[in-house]
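Reviewing the structure listed below.
The values are calculated or read from the model by the stated rules, or taken from the named source; none is laboratory data. For clarity, every value in this text was computed on a predicted model and none was experimentally measured. In this analysis, Cβ positions are derived from the backbone assuming ideal geometry, glycine residues included, and neighbour counts consider all displayed protein chains. Protein only, heavy atoms only, side chains kept; ligands, DNA and RNA dropped before computing areas. Shrake-Rupley method; radii C 1.70, N 1.55, O 1.52, S 1.80 Å.
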Amino acid sequence: MHDLAKRLGARLKRANEMLATAESCTGGWAAQVVTSVAGSSAWFERGFVTYSNAAKQELLGVRAQTLRAHGAVSEETAREMARGALERSQGTIAVSITGVAGPGGGTAEKPVGMVCFAWARDGEVRAQTCRFAGDRESIRRQSVIVALEGVMRALDGG
């Protein structure tokens, strides 16, 4: 993951972009990975760890209606988290992660390993849902990788 973060940092710096993260199930792991790179202050603006629904609402502006209608683990919530991270920071690109890392908490509709992501940049927001296998640490690790790879794609306009 460190090599991915280094490559991402070089890309963000070249593009004069500042990254903001909004994390739930990863608990700040994406922010930790990017800040492990020396010089990351040139391209990492801040990270929000919003584990509870109240934190998502207070820190990122996720609407109570969205949480009621779709739940915390949804592309709708991920989109609002990413938008909120941009609106409440000096970041120019944001990623959000919200999911069920397990081992408990899963349902038939939202099983353990279901993680929703969103990437926001230039007024556009793209979301994606993945279903990962493995234990809690593996699900969280895979989530961080997908999140950071998605930032690279967003920089490419995808």
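Against the test of being over 29 Å from Asn16 (Cα atoms) and of a type in the set (Asp, Glu), the options Asp122, Asp135 yield a single qualifying residue, Asp135. Within the set Gly61, Gly71, Gly105, Gly39, the sole residue that is farther than 20 Å from Arg11 by Cα and touching a Gly at 6+ places or on another chain (Cβ under 9 Å) turns out to be Gly61.
Limited to segment 40-55, what total is found for residues that are more than 18 Å from Thr77 (Cβ to Cβ) and either assigned to a helix (DSSP H, G or I) or in contact with a helix residue (DSSP H, G or I) (Cβ under 7 Å, 6 or more places away or on another chain) (or both)? Total meeting the criteria: 5. Residues in segment 32-41 that are farther than 13 Å from Ser143 by Cβ, hydrophobic (A, V, I, L, M, F, W, C) and open to solvent by less than 50 Å² (accessible area, probe 1.4 Å): Val34, Val37. Annotation note: of Glu109, Glu80, Glu58, the sole residue that is open to solvent by 50 Å² or more (accessible area, probe 1.4 Å), assigned to a helix (DSSP H, G or I) and of a type outside the set (Phe, Trp, Tyr) is Glu58. Residues of segment 122-158 that are in contact with a Leu (Cβ under 8 Å, 6 or more places away or on another chain) and open to solvent by less than 60 Å² (accessible area, probe 1.4 Å): Ile145, Leu148, Val151, Met152, Leu155.
Give segment 91-106 a look and list any residue that's open to solvent by 20 Å² or more (accessible area, probe 1.4 Å) and either among the β-branched types (Val, Ile, Thr) or touching a helix residue (DSSP H, G or I) at 6+ places or on another chain (Cβ under 8 Å) (or both), or say none.
As a first pass, look at segment 91-106 and keep what is open to solvent by 20 Å² or more (accessible area, probe 1.4 Å): 92, 103-106.
The answer is Thr92, Pro103.
Evaluated against (1) under 12 Å from the mean Cα position of the chain (by Cα); (2) at pLDDT below 95, Val49 falls short on exactly one condition, (2).
Being part of a strand (DSSP E or B), over 21 Å from Thr35 (Cα atoms), in contact with an Asp or Glu (Cβ under 6 Å, 6 or more places away or on another chain) and not acidic (Asp, Glu) is the requirement here; does Cys130 meet it?
Working: part of a strand (DSSP E or B): yes; over 21 Å from Thr35 (Cα atoms): yes; in contact with an Asp or Glu (Cβ under 6 Å, 6 or more places away or on another chain): no; not acidic (Asp, Glu): yes.
Taking the combined requirement at face value, the residue does not satisfy it.
Within segment 72-86, being farther than 16 Å from Val146 by Cβ and touching a helix residue (DSSP H, G or I) at 6+ places or on another chain (Cβ under 7 Å) holds for Ala72, Glu76, Thr77, Glu80, Gly84, Ala85. Determine, yes or no, whether Thr26 is out of contact with any Pro (no Cβ under 6 Å at 6 or more places or on another chain), in a helix (DSSP H, G or I), among the polar types (S, T, N, Q) and in contact (Cβ under 8 Å) with a residue 12 or more places away in the chain. So Thr26 fails the test.
For Ala5, indicate whether it is over 14 Å from Met81 (Cα atoms), open to solvent by 20 Å² or more (accessible area, probe 1.4 Å), small (Gly, Ala, Ser) and over 11 Å from the mean Cα position of the chain (by Cα).
Numbers: over 14 Å from Met81 (Cα atoms): yes; open to solvent by 20 Å² or more (accessible area, probe 1.4 Å): no; small (Gly, Ala, Ser): yes; over 11 Å from the mean Cα position of the chain (by Cα): yes.
Judged against the criteria, Ala5 is not a match.
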